[in-house]
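Visitor: My questions all concern the structure below.
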Amino acid sequence: MTGTPDTQPEAQPETGAEAAGAPAKISPRSGARLAVVQALYEMDISGKGVLDALAEFEAFWIGQEVDGIAHPPAETAFFRDLLRGTVEEQRAIDPKLDQALTQGWPLRRIEIVLRAILRAGAYELMFRRDVPAAAAISAYVDVAHSFYTADEPGLVNAVLDRVAREVRPGEVGAPKASGKPGSSKPLPGKPSGGKSSAGKA
């Protein structure tokens with residue numbers, strides 16, 4: 001997968017209100033990440049395939065107002081790459097996330113929206129080397145703030161940091177020798193609830 005390098009988009013992280021559709025500006029790449037998480041959620045609950053999700057989101061969601069919620073514009077090529085890549089590389093992504101999560105809380109037990117955020121973030125870290133690791137992690141913490149107000153953004157930060165330390169050791173440092181997955185005790189995603197707008201994805 002290829003794409004243009006991340007430069008300006010991560011310079012101004014968005015708050016949850018901005019990502020949820022408030023008038024404040026949101027970068028096209030941040031809009032793409034938010035749309036990808038919503039599309040992955042929709043695919044998970046409906047069983048839709050990648051092509052159907054791409055067509056639906058590009059035609060009816062991205063940059064549109066749906067059920068009173070304004071969805072921000074998105075960089076189309078980046079959105080397509082993230083969604084296709086996250087789905088196509090899921091067999092490589094999921095084991096990395098399982099290793100990074102708290103022992104006893106495999107990815108399959110994580111709430112759907114949180115799982116989508118982690119998968120998309122791990123895809124960028126593993127397969128989009130043009131995106132700086134710190135920028136990708138920060139961007140998905142921002143996405144988590146769009147849906148959650150409790151501990152979930154901290155979990156996203158901790159898990160993606162562990163993935164980055166393994167897959168990009170030259171960029172963020174090698175994995176900590178003494179830390180087992182989950183040693184910092186991030187809270188697992190809540191099996192139900194915990195999202196503010198995912199149901200409207």
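The values are calculated or read from the model by the stated rules, or taken from the named source; none is laboratory data. This one's a predicted model, so the numbers in the text were calculated from it and none came from an experiment. All Cβ positions, glycine included, derive from the backbone under ideal geometry; neighbour counts span all protein chains shown. Ligands, DNA and RNA are excluded from the accessible area calculation, which covers all protein heavy atoms including side chains. Shrake-Rupley method; radii C 1.70, N 1.55, O 1.52, S 1.80 Å.
Visitor: Go through the range 147-159 and give me each residue that's among the aliphatic types (A, V, I, L, M), in a helix (DSSP H, G or I) and farther than 19 Å from A39 by Cβ.
Guide: Matches in the range 147-159: L155, A158, V159.
For (1) within 21 Å of Y148 (Cα to Cα); (2) at pLDDT 95 or above; (3) open to solvent by less than 10 Å² (accessible area, probe 1.4 Å), each residue gets a yes or a no:
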{"site": "L51", "(1), (2), (3)": "no, no, no"}
{"site": "E58", "(1), (2), (3)": "no, no, no"}
{"site": "I69", "(1), (2), (3)": "yes, no, no"}
{"site": "P72", "(1), (2), (3)": "yes, no, no"}
{"site": "E75", "(1), (2), (3)": "no, no, no"}
{"site": "L82", "(1), (2), (3)": "no, yes, yes"}
{"site": "E89", "(1), (2), (3)": "no, yes, no"}
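Visitor: Against the definition (over 20 Å from A135 (Cβ atoms), buried (at least 22 other Cβ atoms within 10 Å of the Cβ) and over 13 Å from the mean Cα position of the chain (by Cα)), how does I62 come out, yes or no? Break it down stepwise before answering.
Guide: Working: over 20 Å from A135 (Cβ atoms): yes; buried (at least 22 other Cβ atoms within 10 Å of the Cβ): yes; over 13 Å from the mean Cα position of the chain (by Cα): yes.
Here the answer is yes, as I62 does meet what is asked.
Visitor: In addition: Which one is farthest from V36 (Cα to Cα) among residues in the range 94-134 that are of a type in the set (A, V, I, L, M, F, W, C) and open to solvent by 20 Å² or more (accessible area, probe 1.4 Å)?
Guide: Out of the qualifying residues, it is W105.
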